[in-house]
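Structure, as structure tokens:
The values are calculated or read from the model by the stated rules, or taken from the named source; none is laboratory data. Here the structure is a predicted model, which is why all the values come from computation and not from measurement. Here the Cβ positions follow ideal geometry from the backbone for every residue, glycine too, while neighbour counts run over all protein chains shown. Surface accessibility is based on the protein's heavy atoms, side chains included, excluding ligands, DNA and RNA. Shrake-Rupley method; radii C 1.70, N 1.55, O 1.52, S 1.80 Å.
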Number of protein chains: 4
Amino acid sequence: MADEGLRDDLRRFVAERDWAQFHSPENLAKSISIEAAELLECFQWSSQADVDRVRGELADVLTYCHLLADRLGLEPGAIIREKLAVTREKYPVDQVRGRSTKYDQL
Amino acid sequence: MADEGLRDDLRRFVAERDWAQFHSPENLAKSISIEAAELLECFQWSSQADVDRVRGELADVLTYCHLLADRLGLEPGAIIREKLAVTREKYPVDQVRGRSTKYDQL
Amino acid sequence: MADEGLRDDLRRFVAERDWAQFHSPENLAKSISIEAAELLECFQWSSQADVDRVRGELADVLTYCHLLADRLGLEPGAIIREKLAVTREKYPVDQVRGRSTKYDQL
Amino acid sequence: MADEGLRDDLRRFVAERDWAQFHSPENLAKSISIEAAELLECFQWSSQADVDRVRGELADVLTYCHLLADRLGLEPGAIIREKLAVTREKYPVDQVRGRSTKYDQL
């Protein structure tokens, strides 16, 4: 179920500012890492974080993810589902239940 | 427009593996940074990257973002929209058009 | 106290492989983020990590930091000391003792 | 060649502020990722960056790397050298000269 309204809102936001020129896939990938670290900063010295601050930083990560997806012609929900199918195979329930072991060490 | 089907698929995936115990907000925030760096690795030595590889890594970042959102009772599309409204205010079209300057240096 | 022997070892390693062409400051900055995330991965699901694995990943982060420093004509020990002097001013002992508050919230 | 003067300066800086309590290996690993992303932010929209800003951010990454090394009883120069020996083996000159291919794809 693609959220085309959201995609269109993001496209309009970028177009109005003429920012597509900065949004190469590489720059968007850098931006995702940068925003992910700002999210991590909410938890830098403690496992407890302010939920409002987390919400804002998580939104930034998601926004750049959606921009990169759109740039590459991908639909976020679709690629999550596609990867979930792969991950289900890599981590069979009976082998991984209750364990955080990485698949290459199973 | 919430994608409740996707949310439910992710919940089922986690529940079947009994992995909610590992998915503290802090651990999910670390996971988002880790996966964001794997995405960045696609562009480590070149601005050109293999699209299939990018698709898989972007899906991983998005998946952990959705897991963190659900953990905090947030809806991904809603927080992107909410933040977009804030960012529109911080970056007025007439001041930022065609410029990548950060808001605190406008 | 500059460790010129180490700097020269790193230069020789790069020169023998003709890798300076890949080591733009931007690519080295990406590499530092990528390796930092591999270090973080040692702590993804637990605050306890295998020390040997941490040692190897920390060495990778440090190596790219030294390559970037050399590329920019900087000496690692010198810039750490220089920044330490700045940080001492930003975080006066009597205001921050025993607190992890960020300087802009002191 | 260990720089014990620098190590002692860092120890004194931390001790005066009673910050060792925050410097678990996990928190330092998070801090390294966070600072690495601030370094990357210098290159977010362009391959050209302000050298003074890079110098400051690189110093922050290095500082946390030294704090983590000291926490684990490791000497930064020694672990870089140790890893360099391993990497020399993984990337033999005659196989990798002028190529950025990862070792597992050689």
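Relative to the first principal axis of the alpha-carbon coordinates of chain D, what is the inclination of helix D:4-17, with its axis defined by its Cα atoms, in degrees from 0 to 90 and to the nearest 10?
Relative to chain D, helix D:4-17 is tipped by roughly 50 degrees.
Name the residue from C:Val96, C:Ala69, C:Phe22 whose Cα lies farthest towards the positive end of the charge dipole of the range C:4-98, charges +1 on Cβ of Lys and Arg and -1 on Cβ of Asp and Glu.
Value computed over the given set: C:Val96.
Determine the per residue accessible area of the range D:4-98 with all protein chains present and a 1.4 angstrom probe, expressed in square angstrom.
Per-residue accessible area for the range D:4-98 comes out at 42 Å².
Exactly which trypsin sites (Lys or Arg not before Pro) in the range B:49-103 are in a DSSP loop and have at most 16 other Cβ atoms within 10 Å?
B:Arg97, B:Arg99, B:Lys102
Of all accessible surface on the protein assembly as shown at a 1.4 Å probe, what whole percent is carbon and sulfur?
Answer for the protein assembly as shown: carbon and sulfur cover 45 percent of the accessible area.
Using a basic spin-label model with each label point 7 Å from the Cα along Cα→Cβ, how many nm lie between C:Leu106 and A:Ala15?
Taking the simple label geometry, C:Leu106 and A:Ala15 are separated by 4.9 nm.
To the nearest hundred square angstrom, how large is the accessible surface buried between B and A, total for both chains, probe 1.4 angstrom?
Adding both sides of the contact gives about 5600 Å².
Roughly how tilted is helix D:76-90, in degrees to the nearest 10 and between 0 and 90, from the longest Cα axis of chain D?
20 degrees
Using a simple spin-label model with points 7 Å from Cα along the Cα→Cβ vector, what separation in nm is obtained for C:Ala85 and D:Ala85?
3.7 nm
Where a ≥ b ≥ c are the square roots of the eigenvalues of the C-alpha gyration tensor, would you call chain D rounded, which needs a/c under 1.5, or, failing that, prolate if a/b is larger than b/c, or oblate?
It is oblate, given that a/c is not under 1.5 and a/b is not larger than b/c.
Give the residues of the range B:13-28 whose amide nitrogen is closer than 18 Å to a point set 7 Å from the Cα of A:Asp94 in the direction of its Cβ.
Counting only backbone N, you get B:16-18.
So, counting K/R as plus one and D/E as minus one, what does the shell of residues with Cβ under 9 Å around A:Glu16 add up to?
+3
Step through the residues of the range C:36-44 one at a time and calculate ³J(HN,Hα) from phi using the Karplus curve (6.51 cos²θ - 1.76 cosθ + 1.60, θ = phi - 60°), rounding each to whole Hz and writing x for Gly and Pro.
Coupling constants for the range C:36-44: 4, 6, 5, 5, 4, 4, 4, 10, 4 Hz.
What is the distance in Å between the Cα centroid of the range A:1-45 and that of the range D:49-67?
Value for the Cα centre distance between the two parts: 25 Å.
For a quick check: with amide H placed at 1.01 Å from N, whose amide H comes under 5 Å from A:Asp18's, ignoring anything fewer than 5 positions away on the same chain?
B:Gly98
Convert each backbone phi in the range D:20-28 into a coupling constant with the Karplus relation 6.51 cos²θ - 1.76 cosθ + 1.60 (shift: θ = phi - 60°), then list the ³J(HN,Hα) values in order as whole Hz, x for Gly and Pro.
3J(HN,Hα) across the range D:20-28, in whole Hz: 4, 4, 8, 8, 5, x, 4, 5, 5.
For helix A:51-71, what angle does its Cα long axis make with the longest principal axis of chain A, in degrees from 0 to 90 and rounded to 10?
70 degrees
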